[in-house]
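Asker: Got a structure for you, questions after.
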Amino acid sequence: MKECLIKTEKLTKIYKLPAEQIRAVRDIDLEIFAGDFISIMGPSGSGKTTLLDSLGCLTTITSGRLIVSGKDVSHANESELVSVRRKFISFVFQDFLLIPSLTVLENVMLPLYFARLPQDRNRAVEILEKVGLGHRINHLPKQISGGEKQRVAIARALAISPKLLLADEPTGNLDTKYAQEIFHIFKKLNQEGLTIVVTTHNPNLGSQASRIIYLQDGKIISENKPN
Amino acid sequence: MKSFNIAFKNLTRKRIRNILTIGGVAIAVAVLVSLFGFDAGYQKGLNNDIDKLGYHLLVTAKGCPYEAATLMLQGGGGLRYMEEDVYRRIIKDPRIDSITPQLVSSVYNQEGAGGRGSIALYMGIEKSYIGLKPWSKFKSGGWFSGNDVDEAIMGYEAAELEQRSIGDKIFIPGIGKVLTVVGIFERTGTQDDGIIFIPLASAQKIFNLPGKLTGIGIKLKDIHDIAKFEEDLYNEPGIQVISLAQVRGTILNLVSSARAMASSVALIAIFIAVIGVTNTILMSVFERTREIGMMKALGASAADIFKIIWIETTLICVIGGFLGMALAFFGSHIVEQIIRHALPYAPAGKLVFIRSQLLFASFLATVIMGLVAGTYPALRASLMKPIEAIRSGE
Ligand SMILES: Nc1ncnc2c1ncn2[C@@H]1O[C@H](COP(=O)(O)OP(=O)(O)O)[C@@H](O)[C@H]1O
Ligand SMILES: [Mg+2]
């Protein structure tokens, strides 16, 4: 029996705007197991980002249940969510969000500081080598390419040794060649045991995952599981 | 990686803006340090001047007490004259330890100071003058050869300025008199350094003021007798008695309004600097909204973010503070020149006196400035919600 990292029951997130309510995701029933490599696909506005943010405890949910690592966080507030996230879930964003004044290595070591983990420089260098950036550790973000920046962001996400990596459109800003590189890295990390959930609207990339979930209008319309 | 490093490296972004902000803080702190330094230096200089007068009381002709107080420190007399008889009458008072008559005259020299014109101060004195100022020593030469001779003793700076040594002649312009230098005093750090002394009797002749004095310096045996002594002289016609305590008070009054104005300027400068820093940091917080969201998503707590922004602000203030202190320290010469021109009376010696305590207090002040200026931006940053911050401006 595989360990269940995240379980949702009728998870719903509604954005309340002055004029209307947007049901960005609704009634999501989903289980994420250790070792999964899931891609969430769907058209723009279908709720991929909202679902990923909810799974990653980056935002509070409106209704339904969310259980992360056996803990019910459906009603947790912001600060409780921080402590659930910390050391367990890590993120990669579409536009990298590296700190321009810090070197590649410093960017990678940043989460260690926030998580109060030892500042193990050697391990940070190892992670950078793993994503193929061992020769770039002292460069500043502006001195490297977009594909390399995203690999730095992945290394940064890996610094705290998370169990779950969430990536929202990580290849959205990259050319096909670099995008494929990123998915190569994801596959490699997944083979080493990391659980990964990634959103994309590129079918060529999304289909490389082991579970593919299709969203439309905030609902799961189908899931392809490898048999 | 520490908050400090993150904060410090952030300052390397938007360099021009940060440099300007730091410059604002530096100027405000420089003004503050100069002002307090001036306050300390002025009081110290004034006390020194008063102590080095050597006498407790000065008797002068009746007139404006401000003017008299100022002139007393500048060389012991007003431009008004009193009769020598007064001196002869009070000299007998048994409470007096020493007493010395003086006649001061200023002479404008058109060719002085390299053609720009200068004022030379002459003072007629008797030997008792030296008795009141035991620290006055001759650097070279000695006392006049007689009571009514065309000789001069020069203060240290007067001799330097006019490039005179023993045996040289000095010419009093407009009067057509030539004096021979017989002595030069050592530096005393008082106004005496700039004066040319001549025998009292000669002075009365040269300046055509027979039987006149500008002041009488009096040192009492017992300092507690001052009030009573002053009262007794009240009946003498045409004179006024100025005591040291009065002089001190009068002079401090004179500068206190100037000081109050300077203090408000300094406070306004600090206030503007704090607002400037807050504004700069707030701008940089808004510009970094997405970055801050990212840091929070990656595990930074509100306190972590608050700390980073607070350190950034305090760094700006402290760097500005050090620059300001350096500016005040090395610019104190210029400030002195300005103050000397602006004030009716400035004591001899250093006017701006910057001590290590003052520098330490200023350092603390800049830290507090930083903490105050940083609180609001740091709070704004720390309260940002990760997702909203990251998605903003996408
Ligand atoms: N912060 C928000 N406030 C209001 N509506 C939002 C917000 N974020 C997303 N939405 C809306 O929710 C729906 C789902 O958006 P999103 O999760 O970003 O979809 P996707 O990532 O698939 O493009 C969209 O209709 C979008 O307009
Ligand atoms: Mg999206």
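Asker: So which of A:K7/B:K307; A:K2/B:K385; A:K7/A:K163 end up more than 24 Å apart by C-alpha? Write out the running numbers ahead of the final one.
Answerer: Numbers: A:K7/B:K307 35 Å; A:K2/B:K385 33 Å; A:K7/A:K163 15 Å.
Where the Cα-Cα span goes over 24 Å, the pairs concerned are A:K7/B:K307; A:K2/B:K385.
Asker: If you don't mind, there's one more thing I want to ask. Counting only residues 5 or more places away or on other chains, whose amide H sits under 5 Å from the amide H of B:D97 once H atoms are built in the peptide plane?
Answerer: Excluding prolines and chain starts, which carry no amide H, the hits are B:K219, B:L220, B:K221.
Asker: Next question. Calculate the length of the line joining the C-alpha centroid of segment B:190-227 to that of segment A:71-135, in whole Å.
Answerer: Here the two parts' Cα centres lie 83 Å apart.
Asker: Test of understanding: express the Cα radius of gyration of chain B as a ratio to 2.2 N^0.38 Å, with N the residue count. Mind dumping the intermediate values first?
Answerer: On the way: Rg = 30.2 Å, N = 394, 2.2 N^0.38 = 21.3 Å.
It is 1.42.
Asker: Can I ask one more? At q = 0.08, 0.09, 0.10, 0.12 Å⁻¹, work out log10 I(q)/I(0) for segment B:63-237 with the Debye formula, treating every Cα as an identical point scatterer and leaving solvent out; two decimals please.
Answerer: -0.25, -0.32, -0.39, -0.56
Asker: Expressed in whole Å with the largest first, what are the equivalent ellipsoid semi-axes of the protein assembly as shown derived from the C-alpha gyration tensor as the square root of 5 times each eigenvalue? Walk me through the intermediate numbers first.
Answerer: Working: eigenvalues 1535, 109, 61 Å².
Equivalent-ellipsoid dimensions as semi-axes: 88, 23, 17 Å.
Asker: Once phi is turned into θ = phi - 60°, what whole-Hz ³J(HN,Hα) does the Karplus curve with 6.51, -1.76 and 1.60 give for every residue of segment B:141-147, x standing for Gly and Pro?
Answerer: Those phi angles translate into x, x, 6, 4, 7, x, 7 Hz.
Asker: A further question follows. Pairs of alpha-carbon atoms within less than 8 angstrom and 6+ residues apart define the contacts here; what relative contact order does chain B have, in percent?
Answerer: Values: 677 pairs, mean separation 114.8, N = 394.
So the answer I get is 29 percent.
Asker: Now for a separate question. Evaluated at 10 °C with a viscosity of 1.306 mPa s, what Stokes-Einstein diffusion coefficient in µm²/s does segment A:19-137 have when Rh comes from the Kirkwood expression over alpha-carbon pairs?
Answerer: Values: Rh = 16.9 Å.
In µm²/s, the coefficient is 94.
Asker: Helix-only mean residue ellipticity at 222 nm, the protein assembly as shown, DSSP H runs n ≥ 4 weighted -39,500 (n - 2.57), per residue, nearest 500. What is it? Mind showing how you got there, number by number?
Answerer: Values: 22 runs with 291 residues, N = 621.
Only helices count here, giving -15000 deg cm²/dmol.
Asker: In addition: As a test question: what accessible area, to the nearest 10 Å², does A:E80 have when a 1.4 Å probe is rolled over all protein chains in place?
Answerer: Around 90 Å² of this residue is reachable by solvent.
Asker: Once amide H atoms are built 1.01 Å from N in the peptide plane, which residues 5 or more positions from B:T180, or in another chain, come under 5 Å H to H?
Answerer: Amide H to amide H, under 5 Å and 5 or more residues apart or across chains, B:T180 pairs with B:E151, B:A152, B:I170.
Asker: Skipping prolines and chain starts, which residues have an amide H placed within reach, meaning under 5 Å, of the one on A:V25, given they are 5 or more residues away or on another chain?
Answerer: A:K13
Asker: Relative contact order of segment A:108-204: what whole-number percent is it, with Cα pairs under 8 angstrom and at least 6 residues apart?
Answerer: Numbers: 94 pairs, mean separation 27.6, N = 97.
That works out to 28 percent.
Asker: Solvent-accessible area of B:S256, probe 1.4 Å, all protein chains present, reported in Å² to the nearest ten, please.
Answerer: My reading of the accessible area for B:S256 is about 40 Å².
Asker: Oh, and also: Please give the solvent-accessible surface of B:D148 in Å², to the nearest 10, using a probe radius of 1.4 Å with every protein chain present.
Answerer: 70
Asker: Residue by residue through segment A:161-167, what is 3J(HN,Hα) from phi via Karplus (6.51 cos²θ - 1.76 cosθ + 1.60, θ = phi - 60°)? Round to whole Hz and write x for glycine and proline.
Answerer: 6, x, 8, 10, 10, 10, 10
Asker: Using Cα centres only, tell me the gap between segment B:25-63 and segment B:355-387 in whole Å.
Answerer: Here the answer is 34 Å between Cα centres.
Asker: Now a separate question. Just to make sure I understand: if all protein chains stay in place, what is the order of B:H341, A:H184 by accessible area at 1.4 Å, largest first? Each step should come with its number before you reach the end.
Answerer: Working: B:H341 160, A:H184 110 Å².
In descending accessible area the options line up as B:H341, A:H184.
Asker: Once Rh for segment A:4-224 is found with the Kirkwood sum over Cα pairs, what is the Stokes-Einstein diffusion coefficient at 4 °C and 1.567 mPa s, in µm²/s?
Answerer: Translational D for this selection: 73 µm²/s.
Asker: What do you get when you divide the Cα radius of gyration of segment A:1-74 by 2.2 N^0.38 Å, with N the number of residues? Don't jump to the answer; show the numbers that get you there.
Answerer: Values: Rg = 12.8 Å, N = 74, 2.2 N^0.38 = 11.3 Å.
It is 1.13.
The values are calculated or read from the model by the stated rules, or taken from the named source; none is laboratory data. Quantities reported herein were computed from a predicted structural model and do not represent experimental measurements. Only protein heavy atoms, including side chains, enter the accessible area calculation; ligands, DNA and RNA are left aside. Shrake-Rupley method; radii C 1.70, N 1.55, O 1.52, S 1.80 Å.
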